[in-house]
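Each remark here refers to the structure printed beneath this line.
A short reminder: the numbers here are calculations on the coordinates, not readings from a lab. What you are looking at is a predicted structure, and each value in this text was computed from that prediction instead of being measured. Reconstructed Cβ throughout: ideal geometry from the backbone, glycine too, with neighbour counts over all protein chains shown.
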Amino acid sequence: MRFPRAAGVLVHPTSFPSRFGIGDFGEQAYRFIDFLVDSRQSLWQVLPLGPTGYADSPYQCFSAFAGSPLLISPDKLVDDGYLPATAVQSVPYFPTHAVDYGEVIDYKNALYQQAFTHFQEHGSPEQVAAFDKFCADNDFWLSDFALFMAVKNYHKDVSGGVWNTWPEDIAQRQPEAIAAWSHQLADEIAQHKFLQFLFFAQWLALKQYANERGIKVIGDIPIFVAFDSADVWANPDLFFLKEDGSPEFIAGVPPDYFSETGQRWGNPLYRWEKMKASGYAWWVKRLEMTFLQADIVRIDHFRGFEAYWEIPAAEPTAVIGQWVKGPAADFFRAMKDQLGVLPIIAEDLGVITPEVVALRDEFDFPGMKILQFGFGGERNSSFLPHTFDQNCVVYTGTHDNDTVIGWYNSATEEERDHFRRYLAVDGHDVAWDMIRLAFMSVGDTAVATMQDLMRLGTEARMNFPGKVGGYWRWRYTPEMLNGQITHHLRALTEMYGRAPEQELPDV
């Protein structure tokens, strides 16, 4: 579907200021929404909000339905009566510009245990009723997820608790084992459900605050799910797995701009024919949950619906593999029939064929344009604004790119020269020059990263595709989001016709 001309900011909640070591859904999240309103923005784009697993990546989550407990605000728990004020009066030191995930996880887990105990002992009838209703409404995924996390934690010293290393009976979900483990770990299972209750209460309240002020949330849905997830454990028949539960084939992409050996993601591949036989029921549920959390959804690796790179699981890199046809238009027609027209952004980067373009255009999904990709090579690059159609989302960069300043500083002189001549600038303010280029383009939607608004360099890069460790950590401090940014962003947004229409006063 087509979007109105608008602008927004890409920043993940983990990057917000907070005294608890990681950004959360507390006061600074609300102040960020106020900043969007003051700067005449219409959109806030986030990364996947699920519980992070391997290497802290939001694209490798323990569930496609659950939320990350790390994003729960302790201060909000106090405000809502789930913690006594004394619980957060003395907080250990945490870095202000980066997330130390190990320390944060240990601290917050202890705090959440205290909140759960407090809820068990002092929860009001209204709180208990709301929790019970949440559990009932979400039982189709919540019970499996909570049991998965509890059993995983119990076996954490064996291969990190990966589910196919559990005892065979529970790994294969034999009914007697499900019943036994559910009884044995009942309290921990209840706590995992309680944390999901808190996550959704806080996130949906924040989203409502944004929506009431004219801000729509752009969510993100990875096409594939992590192997070590409740999704694969609870639905093994939907994936290509071996008898021992390990993946038979895994996802990735062949060698490309980012990596000479490609990217070996490790996600198990779907049995699409099996999914089709049920009307893609699992996907319907997944998209319903995603659109509960967001107003618009970016589908990561959209091209995988047309064809995906199948890598034998035994291969150490992504060099050896083959393209396999996906469900293509049949999938999106089924989603449209069951869910209606969906506001989807197609992440159409990488090896894009005419068939992928045709699939995107058949459903009128806007694709993505990354301005950094436009310079230094061909002078008619499809990432240069003079080639754009209106139905696209234009980015200065994404979580997978360096910041604009980082890109410029590491670019060749040919690339820098092309950039300066194309924009008719001298290169002294490249971040905001690139933001201006995005906002002045014909693309219906323009999105700037928070790092580029703040003129930050490579030190603020969020991720580097194909590299593991040390990423997803960047944070800012309150004073970094200042009035000058608000003023400049509002001016560009208004100048290039991206500001929301103001309501006329009653007369």
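Compared with the direct C-alpha span, the chain from THR458 to HIS428 gains 9.1 nm at full extension, assuming 0.36 nm per residue. Put a dot 7 Å past the Cα of ALA130, heading toward its Cβ, do the same for GLU212, and the two dots end up 1.4 nm apart. If the chain linking ALA314 and PHE363 were pulled fully straight, counting 0.36 nm for each residue of separation and taking away their Cα-Cα distance, it would gain 14.0 nm.
Counting only DSSP H runs of at least 4 residues, each contributing -39500 (n - 2.57), and dividing by the residue count of the chain, the helix-based mean residue ellipticity at 222 nm comes to -12000 deg cm²/dmol. Packing, as the average of other Cβ atoms within 10 Å across residues, places the peptides 140-148, 260-268 in the order 140-148, 260-268, highest first. Remark: spin-label model distance ALA179-ALA85 equals 5.0 nm, labels positioned 7 Å along the Cα→Cβ axis. Proximity of backbone amide H atoms, modeled 1.01 Å from N, is registered between ALA307 and GLY326 at under 5 Å, excluding neighbours fewer than 5 places apart on the same chain. Dipole magnitude for segment 185-229: about 320 debye, using +1 per Lys or Arg Cβ and -1 per Asp or Glu Cβ, origin at the Cα centre. Computed over all pairs of different Cα atoms, the Kirkwood value for the hydrodynamic radius of segment 22-98 is 14.7 Å.
By its C-alpha gyration tensor, with a ≥ b ≥ c as the square roots of the eigenvalues, how is the chain shaped: rounded for a/c under 1.5, else prolate for a/b larger than b/c, else oblate? Oblate is the answer for the chain, as a/c is 1.5 or above yet b/c matches or exceeds a/b.
Label-to-label distance, GLU414 versus LEU292, with points set 7 angstrom from Cα along the beta-carbon direction: 5.2 nm.
Going toward the positive end of the dipole of segment 102-173, with +1 on Lys and Arg Cβ and -1 on Asp and Glu Cβ, which of LEU111, GLY161, ASN138 do you reach last? So the residue we want is GLY161.
Computed from the Cβ-Cβ distance with R0 of 60 Å, the FRET efficiency linking GLU501 to ALA186 stands at 0.70. Beta-bridge orientation, the chain: approximately 35 percent antiparallel, per DSSP, counting only bridges with both partners inside. Amide H to amide H distances under 5 Å link LEU241 with GLU248, where only residues 5 or more positions off or on other chains count and H is placed in the peptide plane.
Please work out the FRET efficiency for the pair ALA205 and ARG333, using the Cβ-Cβ distance as r and a Förster radius of 30 Å; give the result to the nearest 0.05. Rounded to the nearest 0.05, the efficiency is 0.30. Taken about its Cα centre, segment 198-326 carries a charge dipole of about 480 debye when Lys and Arg each add +1 at the Cβ and Asp and Glu each add -1 at the Cβ. Checking the cross-link pairs LYS216/LYS285; LYS152/LYS285; LYS76/LYS207 against a 19 Å limit on the alpha carbon distance flags LYS216/LYS285; LYS152/LYS285 as lying beyond it. Which of rounded, prolate or oblate describes segment 409-507 when judged by the alpha-carbon gyration tensor and an a/c cut-off of 1.5? Oblate is the answer for segment 409-507, as a/c is 1.5 or above yet b/c matches or exceeds a/b.
Of VAL319, THR387, PHE200, which is farthest on the positive side of the dipole of the chain, counting Cα position, with +1 on Lys and Arg Cβ, -1 on Asp and Glu Cβ, and the Cα centre as origin? Value: THR387.
The length gained on full extension between ALA110 and SER381, counted as 0.36 nm times the residue separation minus their Cα-Cα distance, comes to 92.4 nm.
This model, with +1 at the C-beta of Lys and Arg and -1 at the C-beta of Asp and Glu, gives the chain a dipole about its Cα centre of some 620 debye.
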